[in-house]
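Novice: To start, I am sharing the structure in question, which I have written as structure tokens.
The values are calculated or read from the model by the stated rules, or taken from the named source; none is laboratory data. These numbers come from a predicted model, not from an experiment. Quick reminder, even Gly has a Cβ in these numbers, built from the backbone with ideal geometry, and neighbours come from all protein chains shown.
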Ligand SMILES: [Fe+2]
């Protein structure tokens, strides 16, 4: 096996922090199978924009069942200093090769290889990459460095640098301008650039405001002012005076946003779009290339990406992680590619569908992790509904106007939630944007993205193209905007995620089912995090954040976790109005009838919860081991006993589908073997089950039954509750 790990340093050699760290692993087996696991440091340690790689690297290694000594090569990048500084002083990987990768080369690599294109023009734009003149120190911006680079990528040959713009000392590129304007508008830090972009939709650039960027005699881009990242606010003050325009005073944080602020945002946005599109058009002409990849933090500007795509009229690709959180994978890919110019085992590597971005470690979501997690997160009063296919239920709940937090399998690499760690909503909600901004604690002008089925472009959008990673803002067809107010921005665009309906993902199924129900082929999709927090990564993170958010439902794996049993759940067929079954609690030999047949389903759930003090799981199907099914068929078995750690069960309906399983596992749930009627339900602690209970359950003796149940549920103790269903075969499909 060959293991290449990619990391980005947490700080430069002169101790400047490099934000947004993480780690990626490419593991190639001896028979040429490869797998990739990648994780941002912030997702791993819970600190937004966390630097470094230690925590993420440990997690990706554990997930792959590897340790540090298994790593053959560590591919590492840095920023704001010469490329070769990346490996300096890195002493912890003693058994591995250390290879430094250029900051922009890394951004370019993930974009070009991710695109799957054979040949393309690759543009990388960020706040700044590596220093080019050998200088290493705190005044890096006074030296030649990467800000906007263009590359000619060929799949078989690698990346060839075409040119660098804004590379001179003090040059101000797009990323630096956005950073400075963020400061001027009261949002200190380049991480707020998305706010400037969103605000631009509410402003208008006055016609008399002149350009900031121009093409020089060599064809490269230049700006009219110098970059002074140590004094960003005054840079913009100076920009106003140089342009001869009145930009007012810098906005104080949390102060009112005036028209001039909105117009400044619009000016910056339109300058980025105009200059970048012009430069790319010229380069496409010069090189004869016909496809474009965009990378670096500036490629998170979905409005500019949408504009560029529309202007250039060529395919444009943006990877799922274009900014620095994508450096670890970019680094690992770059080193592999430099050693295997034909890409070898990675020949079929591409990131072109939303589901391709799900590169996080596998997360286990079984009923034990759920009930234990609920107990830990103070969510014990939640009810858990279990499904073999929860997506249609989620679509029904969304169409009833509820929001749903979603946690499915592996997390997405990069800053966007694409359906694995999302909060979904109904795009038709009139006040949806305000509602969701309140839930997320975001500013009022921040828009929300629609996740859209891929085959509906022309009716709904004026210019839809592939956007699997929410990389492009595209125009809605004017006639449709009013129908999906919650996901249309003020400028009539949506930051679309196109979902391939054949990729088998949860989000694809939700969008499809929501379309069937409502006639609207999209759902609102925002990231599953609380304001200022990283997107949730683990089951525990998900439950904790769900507890803190004003959202009622969490779709976690095959489970739907519900805080409040609201009437919409009955309308959306999550639960019936009534269970219509007899219930009883048997304890210390005494039977307490629960009268569940007379209560509403909500009362049933709450009664069972209060009597047992446990989480209630509502089961919608019954897997059953083939041997037990035979006993049921022969009339030798009239009950089934179920155990979940820290939980008891109720059946969602009086009749449930039964799946035959070859072992004690969950088995294949795609084929219903039979329908069973639930005639009663009983709760009893395991240690109090009797000989009679064993015989009714199809065993010869209590001892046999106890042995068998302990094989199925090794953690089952005598003092723990089990749920005993009285069942009868209603319809045996295997016999028909
Ligand atoms: Fe960067």
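Novice: Give just the number: which of (1) touching a residue at least 60 places away in the same chain (Cβ under 8 Å); (2) away from the ligand (no atom under 16 Å from the Cβ) does residue 67 not satisfy?
Specialist: Result: residue 67 fails condition (1) only.
Novice: Name, by its number, the condition in (1) closer than 23 Å to residue 29 by Cα; (2) out of contact with any helix residue (DSSP H, G or I) (no Cβ under 7 Å at 6 or more places or on another chain) that does not hold for residue 390.
Specialist: Going through (1) closer than 23 Å to residue 29 by Cα; (2) out of contact with any helix residue (DSSP H, G or I) (no Cβ under 7 Å at 6 or more places or on another chain) one by one, residue 390 breaks only (1).
Novice: Another question, if that's okay. I'm checking my understanding of the structure. Among residues of region 119-131 that are in a loop (DSSP other than H, G, I, E, B) and in contact with a strand residue (DSSP E or B) (Cβ under 7 Å, 6 or more places away or on another chain), which one is nearest to the ligand (Cβ to nearest atom)? Before the answer, list the steps.
Specialist: First pass over region 119-131, keeping only residues in a loop (DSSP other than H, G, I, E, B): 126-130.
With the extra rule that they be in contact with a strand residue (DSSP E or B) (Cβ under 7 Å, 6 or more places away or on another chain), the set shrinks to 128-130.
Values: 128: 7, 129: 6, 130: 10 Å.
So, considering only residues that are in a loop (DSSP other than H, G, I, E, B) and in contact with a strand residue (DSSP E or B) (Cβ under 7 Å, 6 or more places away or on another chain), the one nearest to the ligand (Cβ to nearest atom) is 129.
Novice: Could you check how many residues of region 378-408 are under 30 Å from residue 295 (Cα atoms) and in contact with a strand residue (DSSP E or B) (Cβ under 6 Å, 6 or more places away or on another chain)?
Specialist: Here is the first cut: in region 378-408, the residues under 30 Å from residue 295 (Cα atoms) are 405-408.
Filter once more, keeping what is in contact with a strand residue (DSSP E or B) (Cβ under 6 Å, 6 or more places away or on another chain): 405-407.
Total satisfying the criteria: 3.
Novice: What strands (runs of 3 or more DSSP E) completely inside region 553-626 contain at least 1 residues that are over 30 Å from residue 541 (Cβ atoms)?
Specialist: Working: elements: 553-556, 559-562, 582-587, 590-593, 615-619, 622-625.
Because the criterion is at least 1 residues that are over 30 Å from residue 541 (Cβ atoms), the strands (runs of 3 or more DSSP E) in region 553-626 that meet it are 582-587, 590-593, 622-625.
Novice: While we're here: Confirm whether residue 62 is at pLDDT 95 or above and away from the ligand (no atom under 16 Å from the Cβ). It would help to see each step written out before you state the result.
Specialist: Values: at pLDDT 95 or above: yes; away from the ligand (no atom under 16 Å from the Cβ): yes.
Answer is yes for this residue.
Novice: Hey, among the residues in region 134-155 that are within 31 Å of the chain's Cα centre (by Cα) and part of a loop (DSSP other than H, G, I, E, B), which one's surrounded by the fewest Cβ atoms within 10 Å (Cβ to Cβ)? Break it down stepwise before answering.
Specialist: Taking region 134-155 and keeping what is within 31 Å of the chain's Cα centre (by Cα), we get 146-155.
Within this subset, residues satisfying the condition of being part of a loop (DSSP other than H, G, I, E, B) are 146-147, 155.
Details: 146: 28, 147: 28, 155: 18.
The selected residue is 155.
Novice: Inside region 132-154, can you point out the residues that are at pLDDT below 95 and either more than 28 Å from residue 232 (Cβ to Cβ) or within 14 Å of the ligand (Cβ to nearest atom) (or both)?
Specialist: Passing the criteria: only 140.
Novice: Restricting attention to region 239-277, report how many residues are buried (at least 16 other Cβ atoms within 10 Å of the Cβ) and assigned to a helix (DSSP H, G or I). Steps first, answer last, please.
Specialist: Start the filter on region 239-277 by keeping residues that are buried (at least 16 other Cβ atoms within 10 Å of the Cβ), which leaves 239-240, 243, 245, 247, 250-251, 257, 260-277.
Next, from what is left, pick out any that are assigned to a helix (DSSP H, G or I): 239-240, 243, 260-277.
Result for region 239-277: 21.
Novice: Just checking, how many residues over region 70-100 are within 27 Å of the chain's Cα centre (by Cα) and within 16 Å of the ligand (Cβ to nearest atom)?
Specialist: Within region 70-100, residues that are within 27 Å of the chain's Cα centre (by Cα) and within 16 Å of the ligand (Cβ to nearest atom) number 5.
Novice: If we scan region 278-300, do we find a residue that is crowded, with 24+ Cβ neighbours inside 10 Å, within 16 Å of the ligand (Cβ to nearest atom) and over 15 Å from residue 125 (Cβ atoms)?
Specialist: Scanning region 278-300 turns up no residue that is crowded, with 24+ Cβ neighbours inside 10 Å, within 16 Å of the ligand (Cβ to nearest atom) and over 15 Å from residue 125 (Cβ atoms).
Novice: A follow-up question, please. Specify the residue that is nearest to the chain's Cα centre (by Cα); the eligible residues are those in region 306-330 that are part of a helix (DSSP H, G or I), crowded, with 24+ Cβ neighbours inside 10 Å and more than 16 Å from the ligand (Cβ to nearest atom).
Specialist: Filtering region 306-330 for residues part of a helix (DSSP H, G or I) gives 306-312, 324-330.
From what's left, crowded, with 24+ Cβ neighbours inside 10 Å: 306, 308-309, 324-330.
Right, trim to more than 16 Å from the ligand (Cβ to nearest atom) and you get 306, 308-309.
Working: 306: 21, 308: 25, 309: 24 Å.
Taking the candidates together, the pick is 306.
Novice: Looking only at strands (runs of 3 or more DSSP E) that fall completely inside region 431-533, which ones have 3 or more residues that are closer than 19 Å to residue 305 by Cα and in contact with a strand residue (DSSP E or B) (Cβ under 6 Å, 6 or more places away or on another chain)?
Specialist: Working: elements: 449-453, 472-475, 493-499, 522-527.
Correct list: 449-453, 472-475, 493-499.
Novice: Same structure, new question: Need the failing condition index for residue 629 against (1) at pLDDT 95 or above; (2) in a helix (DSSP H, G or I), just the number.
Specialist: Of the numbered conditions (1) at pLDDT 95 or above; (2) in a helix (DSSP H, G or I), the odd one out for residue 629 is (1).
Novice: Which condition number in (1) surrounded by fewer than 21 Cβ atoms within 10 Å (Cβ to Cβ); (2) outside any loop (DSSP other than H, G, I, E, B); (3) in contact (Cβ under 8 Å) with a residue 60 or more places away in the chain is the one that residue 341 fails?
Specialist: (2)
Novice: Just one of 329, 300, 351 is farther than 21 Å from residue 128 by Cβ and in contact with a helix residue (DSSP H, G or I) (Cβ under 8 Å, 6 or more places away or on another chain); which is it?
Specialist: Values: 329 fails: farther than 21 Å from residue 128 by Cβ; 300 fails: farther than 21 Å from residue 128 by Cβ.
Among 329, 300, 351, only 351 is farther than 21 Å from residue 128 by Cβ and in contact with a helix residue (DSSP H, G or I) (Cβ under 8 Å, 6 or more places away or on another chain).
So that you can scan it fast, the table gives a plain yes or no per residue for (1) buried (at least 17 other Cβ atoms within 10 Å of the Cβ); (2) outside the structural domain of residue 653 (by TED's automatic domain parsing); (3) farther than 10 Å from residue 641 by Cβ:
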site	(1), (2), (3)
705	yes, no, no
708	yes, no, no
711	no, no, yes
714	no, no, yes
717	no, no, yes
721	yes, no, yes
725	yes, no, no
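Novice: On to the next question. Hey, could you check region 101-118 for residues that are within 16 Å of the ligand (Cβ to nearest atom) and not in a helix (DSSP H, G or I) and say which is nearest to residue 288 (Cα to Cα)?
Specialist: Just the residues of region 101-118 that are within 16 Å of the ligand (Cβ to nearest atom), to begin with: 101-112, 114.
Pick out the ones that are also not in a helix (DSSP H, G or I) and you get 101-102.
Numbers: 101: 28, 102: 26 Å.
Filtering first and then ranking leaves 102.
Novice: Only one of these is within 16 Å of the ligand (Cβ to nearest atom) and either without any contact (Cβ under 8 Å) to a residue 12 or more places away in the chain or within 22 Å of residue 443 (Cα to Cα) (or both): 193, 180. Name it.
Specialist: On the way: 180 fails: within 16 Å of the ligand (Cβ to nearest atom).
Just a single option satisfies the conditions, and that option is 193.
Novice: Would you confirm, using the coordinates I've provided, whether residue 646 is in the same structural domain as residue 702 (by TED's automatic domain parsing), under 23 Å from residue 561 (Cβ atoms) and in contact (Cβ under 8 Å) with a residue 40 or more places away in the chain? Explain how you work it out, then say what you get.
Specialist: Details: in the same structural domain as residue 702 (by TED's automatic domain parsing): yes; under 23 Å from residue 561 (Cβ atoms): yes; in contact (Cβ under 8 Å) with a residue 40 or more places away in the chain: yes.
Yes, satisfied.
Novice: A further question on this structure: Looking only at region 439-477, which residues are more than 24 Å from residue 516 (Cβ to Cβ) and modelled with pLDDT under 90? Steps first, please.
Specialist: Kept after step one, since they are more than 24 Å from residue 516 (Cβ to Cβ), are these residues of region 439-477: 439-447, 462-463, 465, 469, 471-473, 475.
Selection gives 439, 440, 441, 442, 443, 444, 445, 446, 447, 462, 463, 465.
Novice: Just to confirm my filter: which strands (runs of 3 or more DSSP E) fall fully inside region 1-100 and include at least 1 residues that are at positive phi and touching a helix residue (DSSP H, G or I) at 6+ places or on another chain (Cβ under 7 Å)? Before you say what the answer is, go through the steps one by one.
Specialist: On the way: elements: 2-8, 22-28, 34-40, 73-77, 97-100.
Per the criteria, 22-28.
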